[in-house]
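Peer 1: To start, I am sharing the structure in question, which I have written as structure tokens.
The values are calculated or read from the model by the stated rules, or taken from the named source; none is laboratory data. These figures come from a predicted structure and were not determined experimentally. For neighbour counting, all protein chains shown are included, and Cβ atoms are generated from backbone atoms with ideal geometry for every residue, glycine included. All accessible areas refer to the heavy atoms of the entire protein, side chains included, with ligands and DNA or RNA removed. Shrake-Rupley method; radii C 1.70, N 1.55, O 1.52, S 1.80 Å.
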Amino acid sequence: MKVQIYTMQTVSEALAAAEAGVDYLGLTPSNRGLPGEISFATAREIADALKGKAERVALSVESDLGAIADMVAAVRPDVLHLCGNIKLVTPDHVRQLRETLLPLYPGLAILQAIPMTGPEALDHAAAFEPYADSFILDSVAAHIDGIGAAGVTHDWSLSRAIVERSKLPVILAGGLGPDNVAAAIAAVKPWAVDSLTHTNKPLPEGGFRKDIDKIAAFVKAARAA
């Protein structure tokens, strides 16, 4: 069972998370007020420090393909996580991104977020499948741009249906923490699990840093399941 954790904000916490056994470490290079967002320069610093220690994942909620390409050029992740509005970044747009980016960055993988809002998620996954390398099935919150960071679970039976139908590796996200990840794995049988909100340590002044103890507990519970 692979484990992905969002969102790293400093080199030190990223290295600590990698040491705790995380396989994929997520970065949020943005200036949109997203949870845990960092500058492109900080994201690149973290990505460079993680080379050879964990896979580097960078998300984008942008709908402008040029802006997405600029982020990839600045950060140089191993995985581009597309979690913007799927009405604005369509399967054909993902195809265009593949054609543009892969010749420039051989080995770059595309992780496509699927909003788990209802049965229509199965159709969305089928439409994106030819152009993505993997899926992340995530919850949606009205107050946060893009897909994810909602901190709540969704209908795992729909996620299980996508896992059963898809040819691609599937990451389950949305409200997962050390206490429920084993149940989620049992219900969905994903390739990997992801956590953001429930492995955070809230700061008194607002925002958060990662809780390495919670991350270690999440990894342990996921691997045991």
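Peer 1: At a 1.4 Å probe, what is the % contribution of carbon and sulfur to the accessible area of the range 2-44?
Peer 2: 49
Peer 1: What ³J(HN,Hα) values, in whole Hz, does the Karplus curve 6.51 cos²θ - 1.76 cosθ + 1.60 give for the range 30-35 when θ = phi - 60°, with x put for Gly and Pro?
Peer 2: Whole-Hz 3J(HN,Hα) from phi for the range 30-35: 6, 10, 9, x, 6, x.
Peer 1: For the range 83-186, give the percent of accessible area contributed by carbon and sulfur heavy atoms, probe 1.4 Å, rounded to a whole number.
Peer 2: Answer for the range 83-186 is 53 percent, counting heavy atoms of protein chains only.
Peer 1: Pop out the ³J(HN,Hα) list for the range 87-92 in order, Karplus 6.51 cos²θ - 1.76 cosθ + 1.60 with θ = phi - 60°, rounded to Hz; leave Gly and Pro as x.
Peer 2: 7, 9, 10, 8, x, 5
Peer 1: Tell me which trypsin sites (Lys or Arg not before Pro) from the range 1-109 have a DSSP coil assignment and no more than 14 other beta carbons within 10 Å of their own.
Peer 2: ARG32, LYS51, LYS53, LYS87
Peer 1: Please calculate how many Å² of accessible area the range 105-225 carries per residue, with a 1.4 Å probe and no DNA, RNA or ligand atoms counted.
Peer 2: On a per-residue basis, the range 105-225 sits at 44 Å².
Peer 1: Please report, in Å, the Rg and the Dmax of the range 122-225, where both are computed over Cα atoms only.
Peer 2: 14.2, 44
Peer 1: Number of Lys-Lys pairs in the chain under 12 Å by Cα, sequence gap 8 or more or different chains?
Peer 2: Close lysine pairs found across the chain: 4.
Peer 1: Build a GNM of the chain with springs between Cα atoms under 10 Å: which of TYR24, TYR105, TYR131 gets the top mean-square fluctuation?
Peer 2: TYR105
Peer 1: At 1.4 Å probe radius, can you tell me the per residue accessible area of the range 21-90 in Å²?
Peer 2: So the range 21-90 comes to 40 Å² accessible per residue, rounded to a whole number.
Peer 1: Cα convex hull of the chain: how many Å³ per residue?
Peer 2: Considering the Cα atoms of the chain, their hull volume per residue is 110 Å³.
Peer 1: Could you check which residue among ASP194, ASP48, ASP78 shows the biggest mean-square fluctuation in a GNM of the chain with a 10 Å Cα cutoff?
Peer 2: Its mean-square fluctuation being the largest, the pick is ASP48.
Peer 1: Using a Förster distance of 25 Å, how high is the FRET efficiency between ASN31 and HIS198, based on the Cβ-Cβ distance and rounded to 0.05?
Peer 2: Working from the Cβ atoms, E equals 0.45.
Peer 1: Continuing with the same structure: Give me a comma-separated list of calculated 3J(HN,Hα) values for the range 172-180, in order, Karplus coefficients 6.51, -1.76, 1.60 applied at θ = phi - 60°, integers in Hz, x for any Gly or Pro.
Peer 2: 9, 9, x, x, 8, x, x, 7, 10
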